[in-house]
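Here is the structure we will look at, set down as structure tokens.
The values are calculated or read from the model by the stated rules, or taken from the named source; none is laboratory data. Remember, predicted model here, so these are calculated numbers, not experimental data. Glycine gets a Cβ as well: all are built from the backbone with ideal geometry, and neighbour counts include every protein chain shown.
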Amino acid sequence: MTPAPFSSLLIANRGEIACRIMRSAREMGLRTIAVYSDADADAPHVKMADAAYRLGPAPAAQSYLDATRIIDAARNTGAEAIHPGYGFLSENAAFAKACADAGVMFVGPAPEAIDLMGDKAKAKRRMIDAGVACVPGYHGADQSNKALTKAADEIGFPLMVKAAAGGGGRGMRLIESERDLASALKAARSEAENAFGTGDLILERAILHPRHVEIQIFADCHGNVVHLGERDCSVQRRHQKVLEEAPCPVMTPALREKMGAAAVKAARDINYLGAGTVEFLLGQDCAFYFLEMNTRLQVEHPVTEMVTGLDLVALQIRVAQGEGLGFSQDNVVMSGHAIEARLYAEVVGQEFLPAAGPVDLWRPATTTGVRVDAGIATGGDVSPYYDPMIAKIIAHGSSRNEARRKLIEALKHTTLFGVSTNKNFLIDALGRPAYVKGEATTAFIVEAFSKDNLAAPKLNAEDAACAAVLLYEAARAHALSQAVCVFPALVNWSSATSVTTTYRFADSNEVLTLTVTPVGPKQYHVEHEGRAMAVEAVEMGRYEAVLSIDDARSAVSFNLPDGAAHARIQISIDGRDFDLQNLNAIIASTTDSAGAGSVVAPMHGMLVEICVASGQKVARGARLAVLEAMKMQHELQAEVDGVVTDIHFDAGVQIPANALIMQISTTE
């Protein structure tokens, strides 16, 4: 489709990226149109747009992945162009062609380029022909297990299996030895089919302890192709990025020139148009290998924007309208350092298991030099149907260390209550010696963190004292609001013996018991296991407070989700988040936990596979079922030896979190 100016833009996406694109589009005077599923009817991106169109039910296949519905939405709302964002249909060549056939501009490269680079096998073959170094592997058309097994033997172990289409870690597995090959191929193929519609795989030699470095390129329809420097995206879990930065800590001008030239060569070779990212593995010997090319905007594009001063979304739109880049390679200057942290809804201590749930309170940081891209709002929900990344916090500084320190402080002042997140993990990771020194590779999380390191922060006496005093203050404020008149000097005063209130907070398997006794209008005597603490409520706001404990002041964010009941408090102290129930204020449940013999769904999702039968003997660690949620497949394993006695669901059904899937009768 010939580039031409347009005045209206439909964003075929959701969440933070939809909001991000709308901001630039509006600044350019474009009319913005949102699309949404039933799960997103009240989402921020819908409210932000000038117009919105319902796509269908919550599952992505029936909404955001339904190309026909999106084209219909463009027609029905008068959209002249479609921006796909990232994920969903952003790298779907058939969708790009359908846009052109419908007379709607696709803000992205030509379908031919998407098709070529979206297939990892085709892309590797093309790059090898173009003289770009690639990791040795198998990219063949024969997808039989026999062919893949033969290729694996020739490549050698360890090796990587990857989905030939798509990315984001779906369909990707590290295979340590031949005994793991069959199960890894099966799991990767299934995950790839569900995520991208094709189970085609490629195999690659595993390059151990590399850096993941990518080059941002841009090309216009006038023959100009430039690169905008690199991003280091080495810190990953489950092959998904967590921290990204620009520039790369070990980059040299000479290496940047070589990698940039290779990326520009790759783009020119396929007549690329628009924004793209060429990803490389960078070895410790400074040798680099082509991984793939993402024919879209990247999640981590803000770090490039912050060090170059360019608006990549605005640049995408201008290029799509036929304008030139307006600058050459010599004009690209990188200033300072930027680091991005991806805020995920997940349970870090359970191998980063994706989480879903309510957004009881969202208050992003407002630190100077920090940018927050988000698509959530207080009162909303994190849906189990989509990717668990919910926000990005990006810090810029004159040096890497300044950016790192700013990001840590911004994370500590970012409040999200209601759903579990990786915030505390991000703060921890940014302070680890290897990261501080700029030495993090793709093995960083495995090497720097043990299972104990990934456990949720432990509630200590000071944290519990803060929670108790805040609950006491809230209850007292509520009581005063119901009183006709109370002289201020009499607040917290008693003519008789001081009134002491007991609070009990459960944290993991431990219960902390504290007593709170007012000794002044804002002063309290708090005791825990014989330790006395002098606590003062120095400042009290609706969601924030400053508390002094034994003369040491702390800023605290908090929320009271049960309102006037004052039995529960969500609290964040120095980046540590807790959701605490005052056990003294509720009736204790008499229901015992289901026990280790009960296999329950850790989150809402699709039960893809039941791996055992009723009456079957299983050993601890045995594979019982596969649950798909947040675009990933999660294996459920037996926690005890025993016999499967009951299976309550068949494969292929959606089940809610905590649903009892099966029971295991333990053996004597």
Members of segment 340-389 that are of a type in the set (D, E), surrounded by fewer than 19 Cβ atoms within 10 Å (Cβ to Cβ) and under 24 Å from L65 (Cβ atoms): D381
Residues of segment 417-451 satisfying the condition of being more than 20 Å from the chain's Cα centre (by Cα), acidic (D, E) and modelled with pLDDT of 95 or more: E439
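Residue-wise test of (1) under 13 Å from L201 (Cβ atoms); (2) modelled with pLDDT of 90 or more; (3) in a helix (DSSP H, G or I); (4) touching a strand residue (DSSP E or B) at 6+ places or on another chain (Cβ under 8 Å).
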{"position": "A121", "(1), (2), (3), (4)": "yes, no, yes, yes"}
{"position": "D142", "(1), (2), (3), (4)": "yes, yes, no, no"}
{"position": "K146", "(1), (2), (3), (4)": "no, yes, yes, no"}
{"position": "A151", "(1), (2), (3), (4)": "yes, yes, yes, yes"}
Segment 613-650, residues that are under 23 Å from G171 (Cβ atoms) and modelled with pLDDT under 90: L627, E628, A629, M630, K631, M632, Q633, H634, E635, L636, Q637
Residue match in segment 342-363 (condition: over 16 Å from the mean Cα position of the chain (by Cα), modelled with pLDDT of 95 or more, part of a loop (DSSP other than H, G, I, E, B) and within 29 Å of G229 (Cβ to Cβ)): no
Residue in segment 203-222 that is surrounded by the fewest Cβ atoms within 10 Å (Cβ to Cβ), counting only those that are of a type outside the set (V, I, T) and assigned to a loop (DSSP other than H, G, I, E, B): H222
Qualifying positions in segment 536-554 - modelled with pLDDT of 95 or more, within 16 Å of D574 (Cβ to Cβ) and touching an Asp or Glu at 6+ places or on another chain (Cβ under 8 Å): A545, V546, L547, S548, I549
Elements of type helices (runs of 4 or more DSSP H) contained in segment 223-329, each with 3 or more residues being of a type in the set (D, E, K, R) and in the same structural domain as Y344 (by TED's automatic domain parsing): 253-269
Members of segment 63-103 that are β-branched (V, I, T) and under 16 Å from A34 (Cβ atoms): I70, I71, T77, I82
Test for R400: is it crowded, with 20+ Cβ neighbours inside 10 Å, modelled with pLDDT of 95 or more and more than 16 Å from the chain's Cα centre (by Cα): no
Conditions (1) over 17 Å from E214 (Cα atoms); (2) at pLDDT below 95; (3) surrounded by 20 or more Cβ atoms within 10 Å (Cβ to Cβ); number of the one not met by L291: (1)
